[in-house]
Structure formats: C-alpha cells, structure tokens
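Below: the structure, in structure tokens.
The values are calculated or read from the model by the stated rules, or taken from the named source; none is laboratory data. Just so it is clear, the model here is predicted, and its values are computed rather than measured. All Cβ positions, glycine included, derive from the backbone under ideal geometry; neighbour counts span all protein chains shown. With ligands, DNA and RNA removed, areas are computed over all heavy atoms of the protein, side chains included. Shrake-Rupley method; radii C 1.70, N 1.55, O 1.52, S 1.80 Å.
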Amino acid sequence: MKKHQVTKDTRLLHGGDYNPDQWLDCPGIIDQDFKLMKQAHTNTFSVGMFSWASLEPEEGVYTFEWLDDIFDRIEAMGGNMILATPSGARPAWMSQKYPEVLRVDALRRKQLHGARHNHCFTSPYYREKAQEMNRKLAERYGKRSSLLMWHISNEYGGECHCDLCQTAFRDWLKVQYDNDLDKVNQSWWGPFWSHTFTNWEQIESPSPIGENAVHGLNLDWRRFVTDQTISFYKDEIVPLRELTPEVPITTNFMSDNPSFTPFRALDYSKFAKEVDVISWDAYPAWHNDYEETYELASKVGFMNDSFKSMKQKPWLLMESTPSHVNWHQFNKAKRPSMHYLSAMQMLAHGSDSNLYFQWRKSRGSSEKFHGAVVDHDGSTENRVFKEVARLGKAMEDLSEKVVGSQRIAEVGLLYDWDSDWALEHTQGFGLQTKLYPETLQKHYQSLWEKDIPVDVITKENTFKDYKLLVVPMLYLMSEETVQRLKVYVANGGTLVSSYITGLVNEHDLTYLGGWKKELQEVFGIEPLETDTYYTSDSNELTFNNKQYAIRDYATIIDVKEAEVLAQYEGDFYADSAAVTLNNYKDGEAYYIGARAEDDFNRDFYSHLIEKLDLSPGLKVEHEIGVSVQGRILDDGTSIIFIMNFTEEEQAIEILEDVRDSFTGETLSGDVSLKPYEVLVVDKNN
Ligand code: GAL
C-alpha cells in the first residue's frame, strides 16, 4: 500500500451506482451488464443504496439471493463492491407499521410515505432496524474478497421536527448548557421580544409558524441537526465496525447546487472525522448559460479541495454523470471531450476514482431520463458509452502513478459552517447580497487561475503550515478562533481577511466595546461601519494606481498602525482606507474593506503570489481558462494535469521539462491545447 492510499485496491476506481434489483424481472439484462462492464473498463460498483424493499420485502423476510449473485459476478470479473446500507429509502410496510419513522417538517406536518431521504433521525425503531439490516449485510458479505468499502446510507440530509426530535433537541441543549436554562437564555439573548424560557419544554425547533427570530436558537438547531445525523450514522456503523473492522467506511457528501458551494445543511467538518474515506457526488452544469466554463471549473476545484482538505488525503468521486442529469433546469449533454476533461480534473484535485450515477439508466420513475453509462438502447456504440470506455482505459494507464498520490498546498482558504449559518439568518447588510461562500469562491478563483494549489479548510484544520491564510467574511469567530489567528500571524503567517469579519461570538452575540482588541492589534485597524450598497450603487477603490469597481459592501476603517494600500474614490468616505496591511510580530495581516471586482482579486493575489513566492505544481504560461493542477507521488515526482476549460484552442508555454504520462515523450515550450483538451505529464521535482 502506498502511504496515502485510501482503499486496498491499487487501481483507480471506475464504475458507479448499480441497481440490479430494478432488473430482476428482465432476463438477460444483468448478463449484458457484466459483459458491458468489461468493455467500459470499469472495476467498481456501489450496490444496495435503495434496496431495502428488495432485501426485506416483508418484515423479517430476507431475500439476499440476488445480491449473492451480484457479488459472485463482480468477483468473477475481478471487481470491487462498495456495499451500501439501504437506510436512504424505506419499504412501504415499514412506514405503515411504524409511522414514527416518518419525518415531520418545520410546519409540524407529518409526511406521508414516499420518495426517499426522509426518515426521522431520532426514531428508536428506525435506528434499531437499520442496525439489524446492516448486521445481516455484514454477516453475509463481510468476508467477501470483493468488499472494498461500506457506503453508509445515501446523501444524508434534511431535518425532522417530530416530538422525538424535540425531546432529543432539548436533551442536546441540556448537555451543551450544563443543564442550566439561564445559560441558554443568556446565550440566546432571551429578554429580546420576551423570549425568555422558564422551562425546557417551552423550547421548540425553529419554525416559520413559530420561533424564528432567536438567532442563537437557529444556530443551535443547525448544530443539533448535524450531531443527530452523525449520531444516526454512528448507530448504523456499529455492526460494521464490530464484524468488519478492516473494511473502510464512507458516506457520500454533496455540494449545494447549482452554486457549487459547500452543502449548507450539515457541518461536514464534524462529519468528516467519523468516516474513513471522504467521498462526494459532483454534478456540475457544464455548458450552462450563466457562467464561463472556466468559472464553473474553478468552483469544482474549490469543492474538490474542500473535500481533500478534510482529511488531507485522496478522496473518492462517488457519483457523477457520464452525460447529463435530470434535475438541472436544463439538462444539457456534455460536449465531446468534456466528460474526459471533467474526470481528469477530479484526479488532478485528489480523487482516486471516477464513479457514476448510474451504470444503467432506469426504465421507469423519476430517473428514467438521467444519464447513465448504459442507455435504454443497451448499445456500446453511442457517444456516451465510448467516452466512458476511453476514460476507463486512460484511468487504467494512470492508476499506478495517481493512486495514493497527494496534493500539497501552501495556501489555506477558510470556510466555516457556523459563520455561513449565522450570516444566513442575520438581518442586516444586504439580505440578498451576503454571498459568503460565493465570496470565498471568488478568492479561490484568483489563485486557481494562477495554478496555485489551495486547501479549502475549516476551523478544524491547523493553520500553521500555510504561508498564506485567507479568511474573508468570517462573521462568527469564537475567542478561540481569534486567538488561533493571532498566533498564526505572530508566528510569521500572512493573513487576509475582509469586511463582515469577527462581529459575533459562537452564540451569534455581538462583541461589545468595538472590534475585538486582539483583531485590532493583528490588523492594525478598527472597522467602524459597513456601508451596504444597492445593486445600482457604484464606487471604486484605487490600488497600485489602478481603479477597481466595488459593490455590495464598503467598510469604513479607522487606521491605527496599518499601512493603507488602497483608498475609496467616492461617497462620504472618499480618500479613506479601503485595503490595509499591518505587520504584527513576525507576520502580516491584510484587511480588504470592500467587495471588489474580480480584477482586483486577480491583481491582489498576483502581488501576494510573488511576494510569498507561492509556486504552482508546474510553471506554465497561459491565458485564463487553462488550469494546471497536480499531485505528488511517494517518490517525490509529480503528475500534473494541464486542462483547457475553454471553447477555444489555447497556446501555452510549458516552462519546465516534463514527459507525457501516457507516451513518455518529452515536452516543453510552446504547446497548443484543443478546446477541452487535457495533457497529463510527469515531472521530476
Ligand atoms: C444523487 C443521488 C443519486 C441520484 C443522483 C442523480 O444526489 O445520490 O441516488 O439520484 O443524485 O443525479
């Protein structure tokens, strides 16, 4: 095993969700599947995520035979099984007999049976029943040589407001607040609008028809939902850890769509600690009409690097589509070569797989027109199948180098769920223009355009290893975070932050007495007021003799020790500081007071790249839209992916000597990349 390998297989994993139980009544289909799997150069299948009704059609009656057969066939082809636990969707008999498994929404309406991903996370029956099913799966398949990994449930998410969950929430609060209701009232600013609670039973989860103005409560509810989901997951894995301790466990994470921002519903920085391998499902809307292809590619990079940074290890792309999905507003086909390019981008950012949803397109119900490797025609001659097979072959060729190789970054960009949640419900600023994760994406993009690898971290990560730490709009900061940032700069780090930072503590209570003294010391300034712009307002700032448009926010800054790097051009604060730099002990801290156009970010980060000598994995001259990203092998060499995310041919210049990873041919100097073309090269460091 290589040092950072995340599964026992040394191959890149290619395959995906396979739902053979949809086809048990269609003779010949499963035989055909296994023939086509070889032709598509696939090796790994995730099975069973929605199979509860096929595994236990009646309470206590089990029908594992079809799954035994799939294991046999996968083993015969030398493939891997990622076995899912089926809790993501329940059989109807269960909802009928045990209605406590049904979710209650925020309006307190009990949901009917149907769809999926909608069970109560507290229900003792559902927890027990999921454990029982998982035990049976582990007993039956735990020793199978093809069992590569456990896939727990599917895309955990959502929340339940039933009575069981209300009690669990109150119990959770009692633990957080040492059983002291006064502490709760103080932390939630109780006397405001007479919201003081005098017994625990008065506390309910937030609701549009009930309590929704107590921000501390909103925040704690979000935290509880994460903890309760993780607690459900931990119950699910008890029998798996007991019976198959050597088999790694994952659950498939997500991004929000179509923004490609972090999945807001659950704090994955906590969840990540509980899984062995990080995996996620990525469905970018390539070729959309609202952003350039390269802008979307940068957002995909941002999410990939966030999942990579959760464990600082390779991760798995658990789901993607070989063609289109069925749930975007417009479900556009991937243009020729886009599938290959998009999959290579995943490998470049640390994935050890390219897995699909799904292997074979369903015949009926809501996913019958969702893209799949095998279409309704069952043919190997269509464009999608051929592109999948081409990719599969290339992945076989790259496996030895890519699997288990690492990504190293000198820059950390911090995303924080608490800040995102708190800002979302905060009334103030521009209600539609807070755009916290979107702002992080913009900062990331400026570094991505220059091929500088970035770790998208959370406050769970350590800061000290980064030459540059970027923490824009970190609205919520506990005393501990303030202290950690201070130590980071004092010890020589370079910190960048911005408007709407450090305003409240972990209960969403504002700090009193002005901006925190520690932050004032580090940044050498005090932000006094945040001016919020209408979208029709305009202003500019001047940085290095160049003017840049600003929008949404401008902070009026009282400069104490800092040097002024940019000034506002207009309004009553014209000529005052817009961007500052402070030397604090051995480090430096930049404060960006306004939301500026992309060109400002580009120039600002170009300046920092030079100053801090931040290096890309490979030096390549190119226009915006080409991305150069890569990984380092155990022997110290690199594998680098040079990717053209534009619709035009791109002339690039490779400034170092490299070899084509497929042919071994030496490359350097001027090279032309066709639209969506990828070059994969090896580099000695
Ligand atoms: C995912 C889900 C899959 C499938 C897919 C379609 O979110 O996990 O089961 O529904 O979306 O894009």
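Is it the case that the stretch 227-241 has a residue that's in contact with a helix residue (DSSP H, G or I) (Cβ under 9 Å, 6 or more places away or on another chain), more than 16 Å from the ligand (Cβ to nearest atom) and assigned to a loop (DSSP other than H, G, I, E, B)?
no
Any residue at all in the stretch 283-306 that is open to solvent by less than 10 Å² (accessible area, probe 1.4 Å), aromatic (Phe, Trp, Tyr), under 22 Å from residue 156 (Cα atoms) and more than 16 Å from the ligand (Cβ to nearest atom)?
Looking for residues that are open to solvent by less than 10 Å² (accessible area, probe 1.4 Å), aromatic (Phe, Trp, Tyr), under 22 Å from residue 156 (Cα atoms) and more than 16 Å from the ligand (Cβ to nearest atom), one finds at least one in the stretch 283-306, hence yes.
Mind telling me which of the residues 626, 620, 579 ends up being among the aliphatic types (A, V, I, L, M) and under 25 Å from the mean Cα position of the chain (by Cα)?
It is 626.
Can you give me the number of residues within the stretch 466-482 that are in contact with an Asp or Glu (Cβ under 7 Å, 6 or more places away or on another chain) and in a helix (DSSP H, G or I)?
Within the stretch 466-482, residues that are in contact with an Asp or Glu (Cβ under 7 Å, 6 or more places away or on another chain) and in a helix (DSSP H, G or I) number 1.
Within the stretch 483-493, how many residues turn out to be surrounded by fewer than 22 Cβ atoms within 10 Å (Cβ to Cβ) and over 25 Å from the mean Cα position of the chain (by Cα)? Talk me through it step by step, then tell me what you get.
Of all residues in the stretch 483-493, those surrounded by fewer than 22 Cβ atoms within 10 Å (Cβ to Cβ) come to 483-484, 486-487, 490-492.
Then drop every residue that is not over 25 Å from the mean Cα position of the chain (by Cα), which leaves 483, 486-487, 490-492.
The qualifying residues number 6.
Within the stretch 345-373, how many residues are in contact with an Asp or Glu (Cβ under 7 Å, 6 or more places away or on another chain) and hydrophobic (A, V, I, L, M, F, W, C)?
Of the residues in the stretch 345-373, 3 are in contact with an Asp or Glu (Cβ under 7 Å, 6 or more places away or on another chain) and hydrophobic (A, V, I, L, M, F, W, C).
Given the criterion touching a strand residue (DSSP E or B) at 6+ places or on another chain (Cβ under 7 Å), modelled with pLDDT of 95 or more and surrounded by fewer than 21 Cβ atoms within 10 Å (Cβ to Cβ), identify the matching residue among 155, 204, 242.
155
Just checking, which of 400, 381 is touching a residue at least 60 places away in the same chain (Cβ under 8 Å) and either open to solvent by 10 Å² or more (accessible area, probe 1.4 Å) or within 16 Å of the ligand (Cβ to nearest atom) (or both)?
400
Checking residue 228 against (1) more than 18 Å from residue 274 (Cβ to Cβ); (2) open to solvent by 10 Å² or more (accessible area, probe 1.4 Å), which test does it fail?
(1)
Can you tell me which of 452, 500 is in a loop (DSSP other than H, G, I, E, B) and under 23 Å from residue 267 (Cβ atoms)?
Every option except 500 fails the conditions.
Tell me, which residue of the stretch 412-435 that is among the aliphatic types (A, V, I, L, M) and touching a residue at least 12 places away in the same chain (Cβ under 8 Å) is farthest from residue 504 (Cα to Cα)? It would help to see each step written out before you state the result.
Filtering the stretch 412-435 for residues among the aliphatic types (A, V, I, L, M) gives 413-414, 422-423, 431, 435.
Checking the rest, the ones that are also touching a residue at least 12 places away in the same chain (Cβ under 8 Å) come to 413-414, 422-423, 435.
Numbers: 413: 20, 414: 17, 422: 9, 423: 10, 435: 18 Å.
Looking at residues that are among the aliphatic types (A, V, I, L, M) and touching a residue at least 12 places away in the same chain (Cβ under 8 Å), I get 413.
Look at the stretch 262-282 and say how many of its residues are over 23 Å from residue 352 (Cα atoms), open to solvent by 20 Å² or more (accessible area, probe 1.4 Å) and away from the ligand (no atom under 16 Å from the Cβ).
So in the stretch 262-282, the residues over 23 Å from residue 352 (Cα atoms) come out as 264-267.
Retained after the next criterion (residues that are open to solvent by 20 Å² or more (accessible area, probe 1.4 Å)): 264-265.
Now narrow it down to the ones that are away from the ligand (no atom under 16 Å from the Cβ): none.
Number satisfying all stated conditions: 0.
Any idea which of (1) on the phi > 0 side of the Ramachandran plot; (2) part of a helix (DSSP H, G or I); (3) of a type in the set (Asp, Glu) is the one residue 178 doesn't satisfy?
Condition (2) is where residue 178 drops out.
What is the one condition in (1) in a loop (DSSP other than H, G, I, E, B); (2) under 30 Å from residue 132 (Cα atoms); (3) open to solvent by 80 Å² or more (accessible area, probe 1.4 Å) that residue 209 does not satisfy?
Among (1) in a loop (DSSP other than H, G, I, E, B); (2) under 30 Å from residue 132 (Cα atoms); (3) open to solvent by 80 Å² or more (accessible area, probe 1.4 Å), residue 209 violates only (2).
Run residue 668 past the list (1) closer than 24 Å to residue 397 by Cα; (2) open to solvent by less than 30 Å² (accessible area, probe 1.4 Å); (3) outside any loop (DSSP other than H, G, I, E, B) and report the number of the one that doesn't hold.
Condition (2) is where residue 668 drops out.
Just for the stretch 384-397: of the residues that are of a type outside the set (Asp, Glu) and open to solvent by 40 Å² or more (accessible area, probe 1.4 Å), which one is farthest from residue 444 (Cα to Cα)?
386
Which one is farthest from residue 312 (Cα to Cα) among residues in the stretch 253-274 that are hydrophobic (A, V, I, L, M, F, W, C) and part of a helix (DSSP H, G or I)?
Once the filter is applied, the top-ranked residue is 271.
How many residues are touching a residue at least 60 places away in the same chain (Cβ under 8 Å) and either within 19 Å of residue 221 (Cβ to Cβ) or within 16 Å of the ligand (Cβ to nearest atom) (or both) when one looks only at the stretch 90-117?
Within the stretch 90-117, residues that are touching a residue at least 60 places away in the same chain (Cβ under 8 Å) and either within 19 Å of residue 221 (Cβ to Cβ) or within 16 Å of the ligand (Cβ to nearest atom) (or both) number 5.
For the stretch 403-423, enumerate the residues that are in a loop (DSSP other than H, G, I, E, B), open to solvent by 10 Å² or more (accessible area, probe 1.4 Å) and of a type outside the set (Lys, Arg).
408, 409, 410
Among residues belonging to the stretch 425-477 that are at pLDDT 95 or above and of a type in the set (Asp, Glu), point out the one that is nearest to residue 302 (Cα to Cα).
455
Could you say whether any residue in the stretch 213-224 is aliphatic (A, V, I, L, M), outside any helix (DSSP H, G or I) and either closer than 30 Å to residue 477 by Cβ or in contact with a strand residue (DSSP E or B) (Cβ under 7 Å, 6 or more places away or on another chain) (or both)?
Step one: filter the stretch 213-224 for residues aliphatic (A, V, I, L, M), giving 213-214, 217, 219.
Next, only the ones that are outside any helix (DSSP H, G or I) stay: 213-214.
The next check asks that each one be either closer than 30 Å to residue 477 by Cβ or in contact with a strand residue (DSSP E or B) (Cβ under 7 Å, 6 or more places away or on another chain) (or both); those that pass are 213-214.
Yes, there is a match, as at least one residue in the stretch 213-224 is aliphatic (A, V, I, L, M), outside any helix (DSSP H, G or I) and either closer than 30 Å to residue 477 by Cβ or in contact with a strand residue (DSSP E or B) (Cβ under 7 Å, 6 or more places away or on another chain) (or both).
So in the stretch 604-617, with the set limited to residues that are under 25 Å from residue 542 (Cα atoms) and among the hydroxyl-bearing types (Ser, Thr, Tyr), which one is nearest to the chain's Cα centre (by Cα)?
605
Could you list, in sequence order, the residues of the stretch 320-354 that are within 16 Å of the ligand (Cβ to nearest atom), surrounded by 24 or more Cβ atoms within 10 Å (Cβ to Cβ) and outside any helix (DSSP H, G or I)?
Correct list: 321, 322, 353, 354.
Looking only at the stretch 358-378, filter to residues that are of a type in the set (A, V, I, L, M, F, W, C) and closer than 23 Å to residue 392 by Cβ; which one of those is farthest from the ligand (Cβ to nearest atom)?
Within the stretch 358-378, the subset of a type in the set (A, V, I, L, M, F, W, C) is 359, 369, 372-374.
Remaining after also requiring closer than 23 Å to residue 392 by Cβ: 359, 372-374.
On the way: 359: 12, 372: 10, 373: 14, 374: 16 Å.
Out of the qualifying residues, it is 374.
Would you point out which residue out of 300, 277 is assigned to a loop (DSSP other than H, G, I, E, B) and within 16 Å of the chain's Cα centre (by Cα)?
277
Which condition breaks for residue 309 when tested against (1) assigned to a helix (DSSP H, G or I); (2) surrounded by fewer than 24 Cβ atoms within 10 Å (Cβ to Cβ)?
(2)
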